[in-house]
Amino acid sequence: MKKSVFLLIGVLLLSACGHPGETAKSSASSATETTKSQATGSTKQTSEKTSSDMASASSTASSTTTSSGNSSTASSSKSSEESSAANATPDAFKELKQHFADVVMPSAVPHAGGSYLNIASTGDTDNFSILYYALDQPLIMNHKDLNHEKPFASFKKTTYQTVGQAKDAVDYVYDDGGKKVNLGHNIAGYMQGAAGSSYLNWKEGNWALTVRASNVEGQDPVPTAKEVVEYLEKAFLPVPKSVGMITIDLASEKNYRASTVTWQRDQVVYTASDEDPLSALEMAVSTVK
């Protein structure tokens, strides 16, 4: 009886305790699955975040690239414009017209073929002086290099306080004494000699004209005077109010004041000058609008 009781108690104890090895194994397995599940979830979240970050970075990079591209295009365009402006050929004649807009000025300044017209100017719209240069390269107006160059022509405007002062400034001289010379087109000139020079004078309208030649150098004023008369049969000088004076000095070779065309218009006096007589006349004619 006692033996049976002990056996029953032993069976009950074993049943209540179970198998310790299997319980530990089950717990470890459960923990492993839990850890694995957490790790998988964490990895999934990390992966999703990484994908999101990469997409965001890609979008930002794309935006930056587009912005950079636009900036680069704008920069390239600006650089191209600056380069174009920097490489633009200077046009001193255009600069002069812009500086003295709506002012009487020659629209034609004859100069040596193949050379560039360069200009230096001073003054304002009432009183100014312009020098013209023929050089192998174009320069901006008033370039410092012109200080070392020799002008071939000039144009000047001077405004006086009274009409009388302006008239006196023209220095009008006409002398019909001396030998009469036929200059063509029914125009008579009068030639005189003095101090080694010959002077040939004539009139056309309100203009008085004089050609001076050097006797020492064997110069003859008649051919030049006839050439001027012929030119003025086809071209029209500005109308003086009231006097105009043309002086041609054949002895002053390569001097930009050798031939001058000066005329009065009320209180203003204009003077165009050039090394060459016909070029000086052409400058004056080109002021007529």
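Restricting attention to the stretch 67-111, and to residues there that are of a type in the set (A, V, I, L, M, F, W, C) and at pLDDT below 85, which single residue is farthest from Tyr270 (Cα to Cα)? Among those residues, the one meeting the criterion is Ala74. Can you confirm whether Glu227 is at pLDDT 95 or above and touching a helix residue (DSSP H, G or I) at 6+ places or on another chain (Cβ under 9 Å)? For Glu227, the condition - at pLDDT 95 or above and touching a helix residue (DSSP H, G or I) at 6+ places or on another chain (Cβ under 9 Å) - is met. On inspection, Asp276 does not qualify as touching a strand residue (DSSP E or B) at 6+ places or on another chain (Cβ under 6 Å) and either assigned by TED's automatic domain parsing to the domain that holds Ile119 or surrounded by fewer than 16 Cβ atoms within 10 Å (Cβ to Cβ) (or both).
Residue pairs whose Cβ atoms lie under 6 Å apart, separated by 6 or more positions or on different chains, with the first residue in the stretch 129-141 and within 11 Å of Pro90 (Cβ to Cβ) and among the hydrophobic types (A, V, I, L, M, F, W, C) and the second at pLDDT below 95 and part of a loop (DSSP other than H, G, I, E, B), are Leu139/Pro90; Ile140/Pro90. A count restricted to the stretch 104-156 and to residues that are of a type in the set (Lys, Arg) and either exposed (fewer than 14 other Cβ atoms within 10 Å of the Cβ) or not assigned by TED's automatic domain parsing to the domain that holds Asn255 (or both) stands at 2. For the stretch 92-127, the set of residues classified as among the β-branched types (Val, Ile, Thr) and within 17 Å of Met283 (Cα to Cα) consists of Val103, Val104, Val109, Ile119, listed by residue number. At least 2 residues being touching a Pro at 6+ places or on another chain (Cβ under 9 Å) is the threshold, and among the strands (runs of 3 or more DSSP E) wholly inside the stretch 160-246 those reaching it are 188-194, 197-204, 207-214. Tallying residues that are in a loop (DSSP other than H, G, I, E, B) and either without any contact (Cβ under 8 Å) to a residue 40 or more places away in the chain or within 15 Å of Val288 (Cα to Cα) (or both) within the stretch 94-111 yields 10. Yes or no: the stretch 195-207 includes at least one residue that is in the same structural domain as Ser121 (by TED's automatic domain parsing), among the aromatic types (Phe, Trp, Tyr) and closer than 22 Å to Pro110 by Cα. So far as the stretch 195-207 goes, no, none of its residues is in the same structural domain as Ser121 (by TED's automatic domain parsing), among the aromatic types (Phe, Trp, Tyr) and closer than 22 Å to Pro110 by Cα.
One line per residue, one yes/no per condition, for (1) in contact with a helix residue (DSSP H, G or I) (Cβ under 7 Å, 6 or more places away or on another chain); (2) under 21 Å from Thr262 (Cβ atoms):
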{"residue": "Gly114", "(1), (2)": "no, no"}
{"residue": "Gln137", "(1), (2)": "no, no"}
{"residue": "Met141", "(1), (2)": "yes, no"}
{"residue": "Ala153", "(1), (2)": "yes, yes"}
{"residue": "Lys157", "(1), (2)": "no, yes"}
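The values are calculated or read from the model by the stated rules, or taken from the named source; none is laboratory data. These figures come from a predicted structure and were not determined experimentally. Neighbour counts are summed over all protein chains in view; Cβ atoms, including those assigned to glycine, are modelled from backbone coordinates with ideal geometry.
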